[in-house]
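Accompanying notes for the structure given below.
The values are calculated or read from the model by the stated rules, or taken from the named source; none is laboratory data. Given the structure is predicted, the values throughout are model-derived calculations rather than measurements. Here the Cβ positions follow ideal geometry from the backbone for every residue, glycine too, while neighbour counts run over all protein chains shown. Keep in mind that these areas ignore ligands, DNA and RNA; they rest on the heavy atoms of the full protein, side chains included. Shrake-Rupley method; radii C 1.70, N 1.55, O 1.52, S 1.80 Å.
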Amino acid sequence: MASKFFLLALLALSASHALASDPGQLQDFCVADKTSQVFVNGFACKDPMTAVVEDFYFSGLHMVGNTSNKQGSVVTAVNVAQIAGLNTLGVSLARVDYAPYGQNPPHLHPRATEILTVLEGSLYVGFVTSNPENKLFSKVLNKGDVFVFPQGLIHFQSNIENNEAIAIAALSSKNPGVITIANAVFGSKQTISDDILAKAFQVDKNIVDHIQAQF
């Protein structure tokens, strides 16, 4: 009886591991069919016989992004939205341009780890660990330096010089997603109650109202 129970427990454990991870590739590629009405976790595949070279191609990362905004930065993403052939492959790229003293504000990627390489300039970067430690890991990066931001952790980059900076980021998802903290907390649709935010941030409601008005 005990051996049967152990066998059932082992099978249940094996099944839970199988269900808790993405399936492996079952074919060479799965080009996203963005016209499909089938709802799946990601995109349905189009017929591989109809795939063309453009499904695996993007041009534009050589172009300087427009950083004339309040944060002084812009991200040019290259994920499954730009390259349909990235579907199911678990990887994407982004170019980040920074104006002098511009920043990529605190944000997180719910579905990806990020590895960032500085191409030009110097950046102060960092990430914060989860509760309860909330420890900051930060460093100044120069041209050629590389830094990793673990999946799901809040992180940022700030240009510390009076020159433009450029970085390239690789992410471990075809669709990493991004949640910018300030936008999510103060610019949500519908607005989070100022009573809740005032208590959470331990500030007066008038301050919360002023910040929410910026979004």
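Scanning for something in a strand (DSSP E or B), under 24 Å from Gly90 (Cα atoms) and touching a residue at least 12 places away in the same chain (Cβ under 8 Å), does the stretch 133-147 turn up at least one residue?
yes
Anything in the stretch 154-172 that is closer than 16 Å to Pro106 by Cα and either in contact with a His (Cβ under 9 Å, 6 or more places away or on another chain) or open to solvent by 40 Å² or more (accessible area, probe 1.4 Å) (or both)? List them, or say none.
Residues satisfying the conditions are Ile154, His155, Phe156, Ile160.
Restricting to the stretch 203-213, what's the tally of residues that are open to solvent by 80 Å² or more (accessible area, probe 1.4 Å), under 17 Å from Ile181 (Cβ atoms) and either touching a strand residue (DSSP E or B) at 6+ places or on another chain (Cβ under 8 Å) or of a type in the set (S, T, N, Q) (or both)?
Looking only at that region, the number is 0.
Restricting attention to the stretch 54-65, report how many residues are free of Cβ contacts under 8 Å to residues at least 24 places away in the same chain and either surrounded by 13 or more Cβ atoms within 10 Å (Cβ to Cβ) or over 20 Å from Asn87 (Cα atoms) (or both).
2
Return yes or no: is Ala94 under 21 Å from Gln27 (Cα atoms), at pLDDT 95 or above and buried (at least 20 other Cβ atoms within 10 Å of the Cβ)?
no
What tally of residues in the stretch 173-191 results from selecting those that are part of a loop (DSSP other than H, G, I, E, B) and open to solvent by 60 Å² or more (accessible area, probe 1.4 Å)?
Summing the residues that are part of a loop (DSSP other than H, G, I, E, B) and open to solvent by 60 Å² or more (accessible area, probe 1.4 Å) in the stretch 173-191 gives 5.
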